[in-house]
Each structure stands twice: as C-alpha cells, then as structure tokens.
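Q: Can you read through this structure? Questions will come right after.
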Amino acid sequence: MVWQLGLLPEPVRPWYRTRSVAVIAWLWWQRLPKPANWLGLSPVTARVGVSAALVFAIVVGWNLLRVRVVGSAGQLADLPPAEFGWILGAATVEELDFRGVIQTRLAQLWRPALANGVTAVAFLAIHFPGWLLLAAMPDATTIASVFLIDLVCGWLRRRTGSLWPAIAAHTANNFGALL
C-alpha cells in the first residue's frame, strides 16, 4: 500500500513490497494462533501508549541535542508532506521485519539479549545497500547511531511486549536524522 501511494522513492519500492509480502507469507506459513500478538501488534494499553510517547520525546530530544552540538542536516523543513508518511511507513515495516519477526523468533531460540544483538547487526547490514544505492555512505557516527537505536528498539520490544514503542523510537530517529 505504501509504495502504491507514492510514499516511497522509486528505487526502494521493490524492497519494501518484497519484505512486506515475505512477512505476510511467513506468518501464514507458521499458522500462528494470534499473529498480531506474536508480532507485538496487540492493542495499545495505557502503559504501552505512555512508553511510546515517552520514547518518542526522548529520541527527538536526543536528536535536538545532537543538532545543537554537531550541526543540522536541515532536511526536515524541505520535505514534502508525502515524505512524512514514508518515514512512518518505513519505520513500521522495518520494525515489523526486524523486531516483530526476526527478533521474536530468535528470542524463542536464544537468550533475548543475544537475539537483540544479532537482530541489530542484521538491521545495520540491511541499510548498507540503501546507502550505496543513494550514494550516501555513512560515517562511523551514523553507523554507531543506527546500531544503538536498533538495540534500544529491541529492548523496548522485549520490555513492553509491544512493537509500538519501537515503532515510535524508530520514527522519531528517522525524523531526527533529518533535523
């Protein structure tokens, strides 16, 4: 749906379509009794809602501090409104893939901390093709930042039992990267 609305840049549309279909196919194949709960997409409780709002504010605050210390990319103000939907859509799909499916499954096999670490490495690795495609190879600070926000998203998923706080943190970080 996101790619049909033109919310994704043309070069990355096939990646998101493929990843979304892969998640749906995998869930169907597993025949989970409550796939939404397994993925962490259960209804938002007050605790989860407060956690999501709090982590969103913290990550935005962290990025505002980063801008003050390091400087601004200055891209957020120039974004067309449709791009805001893309930022939310990308964060949601990536969290479904990595925290919803990969980390949840690995945590069933391994210790949760190990599952989170392996998922963080996989998440970082999946970003390199996009960076190459966009000719935007990151510096060490960006690589560390992506890895750390992924560890935080994984911790949030495990700690709250919900994917929504991880989606909030990821979305805030995507917006923050454009400040």
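The values are calculated or read from the model by the stated rules, or taken from the named source; none is laboratory data. Computed from a predicted structure; not experimentally measured. Cβ sites come from the backbone with ideal geometry, for glycine too, and all protein chains shown count toward neighbours.
Q: What residue, among those in the range 33-90 that are modelled with pLDDT under 75 and aromatic (Phe, Trp, Tyr), is surrounded by the fewest Cβ atoms within 10 Å (Cβ to Cβ)?
A: Ranking the candidates gives Phe84 first.
Q: Taking the residues in the range 132-179 that are under 12 Å from Ala91 (Cβ atoms) and either touching a strand residue (DSSP E or B) at 6+ places or on another chain (Cβ under 8 Å) or without any contact (Cβ under 8 Å) to a residue 60 or more places away in the chain (or both) as candidates, determine which candidate is surrounded by the fewest Cβ atoms within 10 Å (Cβ to Cβ).
A: The qualifying residue surrounded by the fewest Cβ atoms within 10 Å (Cβ to Cβ) is Asp150.
Q: Which ones in the range 108-122 are hydrophobic (A, V, I, L, M, F, W, C) and either at pLDDT below 90 or surrounded by fewer than 20 Cβ atoms within 10 Å (Cβ to Cβ) (or both)?
A: Quick first cut of the range 108-122, residues hydrophobic (A, V, I, L, M, F, W, C) only: 109-110, 113-115, 118, 120-122.
Those that are hydrophobic (A, V, I, L, M, F, W, C) and either at pLDDT below 90 or surrounded by fewer than 20 Cβ atoms within 10 Å (Cβ to Cβ) (or both): Leu109, Trp110, Ala113, Leu114, Val118, Val121, Ala122.
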